[in-house]
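Notes for the one structure printed next.
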Amino acid sequence: MSQELLHPRQKYDVFARRAAGDPLTMIGTIYAPDDNLARVYAFTTYNEDPWYEVQIAPHDAFVTVSRNEVLQVADNP
């Protein structure tokens, strides 16, 4: 049995801000089998800068918003 089947990996987007009040900016992505390891991977991968804050989110948690979709929903309540 492959290692991938035993430990599936999820894509996480990594965001950071340099100082309090700065906007969160996407700085990259990582792949991890769970949230706890994703935290470790994000910290060790992106620790070259002295970030004020780092946030991670599962890539699948984001919903793409397009102008056409929003206008279509507004026209068909």
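Given the conditions (1) exposed (fewer than 15 other Cβ atoms within 10 Å of the Cβ); (2) at pLDDT 95 or above; (3) not in a loop (DSSP other than H, G, I, E, B), and given that Ala19 satisfies all but one, which numbered condition is not satisfied?
(3)
Take the conditions out of contact with any His (no Cβ under 8 Å at 6 or more places or on another chain) and free of Cβ contacts under 8 Å to residues at least 12 places away in the same chain and apply them to Thr45. Does it pass? Let's see the steps before the verdict.
Working: out of contact with any His (no Cβ under 8 Å at 6 or more places or on another chain): yes; free of Cβ contacts under 8 Å to residues at least 12 places away in the same chain: no.
Judged against the criteria, Thr45 is not a match.
Looking only at the range 46-77, which residues are small (Gly, Ala, Ser), in a helix (DSSP H, G or I) and either within 25 Å of Thr25 (Cβ to Cβ) or under 14 Å from the mean Cα position of the chain (by Cα) (or both)?
Residue satisfying the conditions is Ala61 alone.
Filter the range 1-16 for residues that are part of a loop (DSSP other than H, G, I, E, B) and closer than 15 Å to Asp60 by Cα; which is modelled with the lowest pLDDT?
The extreme case among them is Pro8.
Are there any pairs, at least 6 apart or on different chains, whose C-beta atoms fall under 8 Å, with the first in the range 52-77 and surrounded by 10 or more Cβ atoms within 10 Å (Cβ to Cβ) and the second hydroxyl-bearing (Ser, Thr, Tyr) and not in a helix (DSSP H, G or I), and if so, which?
Val54/Tyr46; Ile56/Tyr12; Ala57/Tyr12; Pro58/Tyr12; His59/Tyr12; His59/Thr29
Taking Pro77 as meeting all but one of (1) more than 12 Å from Gln10 (Cα to Cα); (2) modelled with pLDDT of 95 or more, write down the number of the exception.
Single failed check for Pro77: (2).
The values are calculated or read from the model by the stated rules, or taken from the named source; none is laboratory data. What you are looking at is a predicted structure, and each value in this text was computed from that prediction instead of being measured. FYI the Cβ positions are ideal-geometry reconstructions off the backbone, even for glycines, and counts take in every protein chain you see.
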